[in-house]
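Below is one structure, written out as structure tokens; the observations come after it.
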Amino acid sequence: MKKILIISLSCLLLLSCKKEQPQMSTVNAGCDCAEEVSADFLMEEMTSFNLSNSEYTDTDTMYAEGQIHFYALEDNADYTWYIGAEVIKEREFYRYFDASLIGQTLPMKLVVNKKPNNICLPNDDGVDSIVRKLVITKELVLDDFFTQPNYLLEGMFRLKDVNATDSVDVKIDILYPLEPGPGGTVVRYVLTNLDGTGKAKVCSLGGDYTYRQIWFKASGYSQVRLFHRMDGIVELEMTPYEGVSDPPYYFKGRKLN
């Protein structure tokens, strides 16, 4: 009887001491997607000075004698960029980097000020800054691009297509005319083992390139895109022409060697 009384009193004590859980204020509703003010920005190497007819690659390295597109991702803010001796107040702008800068690593700094959302993020002061470094490397004309080794975009890659269950090891070569390999009469890209059967696909139609990314065409495909991202992930996308039997590919993976 004494045990039952003690247990009952203990339960009553716990119930009386239990704190009321506060209700979520309606003021904080919709805060799930709230983010602190950010100075993240794109630093994109361009394939052309024609803004409407250029490909863009977010990068940490560029070929000299080219142009970079700078773009702050935070909208409706005050922007202050420090690019060398320049101070720029725009959200978006372009800059040309000539051959005198080859071998240099240049800091690119952005400071963003914006009224913060202190209802959802009470600790956000509305100020953020980021410094990204840009390496300027030797300019490559088209002939040099095919004759010089390209560690990022040539070699063996382990890739998995979004519609496949297993990965394949794809060999990618960038070859100049008469260099040993399939299709040896023109400059060309050779993709071997796309479908896991060991066959080579020779691509020799057109092409644009930046330091980390190349675009070209192939028989049956309106565009082939190979991108070695800054985080080490490699993307290979192949878009077939409408009405052809060639399969689309969207591979992601990594470089083996």
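The values are calculated or read from the model by the stated rules, or taken from the named source; none is laboratory data. What you see is a predicted model; the values in this text were computed from it and never measured. Cβ: placed from backbone, ideal geometry, glycine included. Neighbour counts: every protein chain shown.
Under 7 Å between Cβ atoms, at least 6 apart or on separate chains: pull out the pairs that start in the range 80-99 with a residue that is acidic (Asp, Glu) and end on any residue that is modelled with pLDDT of 95 or more.
Glu90/Tyr79; Glu92/Phe70; Glu92/Tyr71; Asp98/Ala64; Asp98/Glu65
Within the range 211-240, how many residues turn out to be aromatic (Phe, Trp, Tyr) and modelled with pLDDT of 95 or more?
Here the count works out to 3.
Among the residues in the range 145-155, are any in contact with a strand residue (DSSP E or B) (Cβ under 8 Å, 6 or more places away or on another chain), in contact (Cβ under 8 Å) with a residue 40 or more places away in the chain and part of a loop (DSSP other than H, G, I, E, B)?
There is at least one residue in the range 145-155 that is in contact with a strand residue (DSSP E or B) (Cβ under 8 Å, 6 or more places away or on another chain), in contact (Cβ under 8 Å) with a residue 40 or more places away in the chain and part of a loop (DSSP other than H, G, I, E, B).
Considering only residues that are assigned to a strand (DSSP E or B), of a type outside the set (Lys, Arg) and either free of Cβ contacts under 8 Å to residues at least 40 places away in the same chain or loosely packed, with under 15 Cβ neighbours inside 10 Å (or both), which ones fall in the range 239-254?
Passing the criteria: Thr239, Pro240.
Quick check on this structure: which one of Ile174, Ile214 is in contact with a helix residue (DSSP H, G or I) (Cβ under 8 Å, 6 or more places away or on another chain) and either surrounded by fewer than 13 Cβ atoms within 10 Å (Cβ to Cβ) or in a strand (DSSP E or B) (or both)?
The match here is Ile174.
Does Val141 satisfy the condition of being of a type outside the set (S, T, N, Q) and modelled with pLDDT under 95?
yes
Kindly provide the set of residues from the range 96-140 that are closer than 18 Å to Arg212 by Cβ and either charged (D, E, K, R) or exposed (fewer than 12 other Cβ atoms within 10 Å of the Cβ) (or both), ordered by number.
Listed by number, the residues that qualify are Thr105, Arg132, Lys133, Lys138, Glu139.
Give the residues of the range 47-61 that are under 14 Å from the mean Cα position of the chain (by Cα) and either surrounded by 16 or more Cβ atoms within 10 Å (Cβ to Cβ) or on the phi > 0 side of the Ramachandran plot (or both), sorted by residue number.
Within the range 47-61, Glu55, Tyr56, Thr57, Asp58, Thr59, Thr61 qualify.
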